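The values are calculated or read from the model by the stated rules, or taken from the named source; none is laboratory data. All of these numbers come straight from a predicted model, not from anything done at the bench. Every residue, glycine as well, gets a Cβ built from its backbone with ideal geometry; the counts of neighbours run over all protein chains shown. Areas reflect the complete protein model, heavy atoms only, side chains present, ligands, DNA and RNA absent. Shrake-Rupley method; radii C 1.70, N 1.55, O 1.52, S 1.80 Å.
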Amino acid sequence: MKVLLYLFALLLFQDEIPYKPSDEFQLNVDLKFKEKISGGNTSGYNQNAVNNNGERLDKPKKELRAFLSVSVTQLKIQSDEAKIIVIDSQGTTLLKKKASADLALRFNMGFVEDLKNNTSANEITVFFLSPQKKELRKIVFAVSPTGIFAVNGQWRGQF
């Protein structure tokens, strides 16, 4: 019982990593339309079935969909920040680099409809680490299921 109480107290007093101030970076959103292949033999049609025009019924369709890319530029690196690690919402490490002011980060997040329904990673976190690898600050950008795009918890637009 004492162990559980100790663990609970430890979780309560754990420090949250602060956000990097918005004047220390610039975040740009690039929304383009790309072809996305959808369909295929998901309808249960026989692979040899054709319609009246002679086209296969199980043929995948190419549709234009909104594709989101995000870039982080004009980073102001503080004296205690030595490294940058970028992790997505699925726990995948996207990048590990030495922190420098001329660093430009670009991430292809994916198709907006996939981000909204959590088919792909809908959140990316950029951690700024000390030389001892302690997490000092972070930048978080995410797309919610309602299509809201937020940076460090602040609304920046909606898809």
Take the stretch 93-148 and flag every residue that is among the acidic types (Asp, Glu) and either in contact with a Pro (Cβ under 6 Å, 6 or more places away or on another chain) or under 30 Å from residue 63 (Cβ atoms) (or both).
113, 114, 123
Would it be correct to say that residue 146 is closer than 18 Å to residue 104 by Cα and of a type outside the set (Lys, Arg)?
no
Which residues, taken from the stretch 16-39, are open to solvent by less than 50 Å² (accessible area, probe 1.4 Å) and basic (Lys, Arg)?
20, 36
Mind checking which residues of the stretch 64-77 are more than 12 Å from the chain's Cα centre (by Cα) and either assigned to a strand (DSSP E or B) or buried (at least 16 other Cβ atoms within 10 Å of the Cβ) (or both)?
64, 65, 66, 67, 72, 73, 75, 77
Being open to solvent by less than 20 Å² (accessible area, probe 1.4 Å), assigned to a strand (DSSP E or B) and within 23 Å of residue 18 (Cβ to Cβ), is that true of even one residue in the stretch 78-95?
yes
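For (1) open to solvent by less than 40 Å² (accessible area, probe 1.4 Å); (2) on the phi > 0 side of the Ramachandran plot; (3) at pLDDT below 95, each residue gets a yes or a no:
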residue	(1), (2), (3)
104	no, no, yes
114	yes, no, yes
117	no, no, yes
120	yes, no, yes
124	yes, no, no
131	no, no, no
151	yes, no, no
Of the residues in the stretch 104-131, how many are part of a strand (DSSP E or B) and more than 22 Å from residue 34 (Cβ to Cβ)?
5
Does any residue in the stretch 25-36 that is in contact (Cβ under 8 Å) with a residue 40 or more places away in the chain and within 14 Å of residue 63 (Cβ to Cβ) come within less than 6 Å, Cβ to Cβ, of a residue that is among the aromatic types (Phe, Trp, Tyr) and surrounded by 13 or more Cβ atoms within 10 Å (Cβ to Cβ) six or more places away or on a different chain, and which pairs are these?
34/67; 36/111
For the stretch 132-159, pairs from a residue that is in contact (Cβ under 8 Å) with a residue 40 or more places away in the chain and part of a strand (DSSP E or B) to a residue that is open to solvent by less than 70 Å² (accessible area, probe 1.4 Å) and of a type in the set (Ser, Thr, Tyr), with Cβ under 9 Å and 6 or more apart or across chains, are 136/130; 138/125; 139/125; 140/125; 141/125; 142/89; 142/125
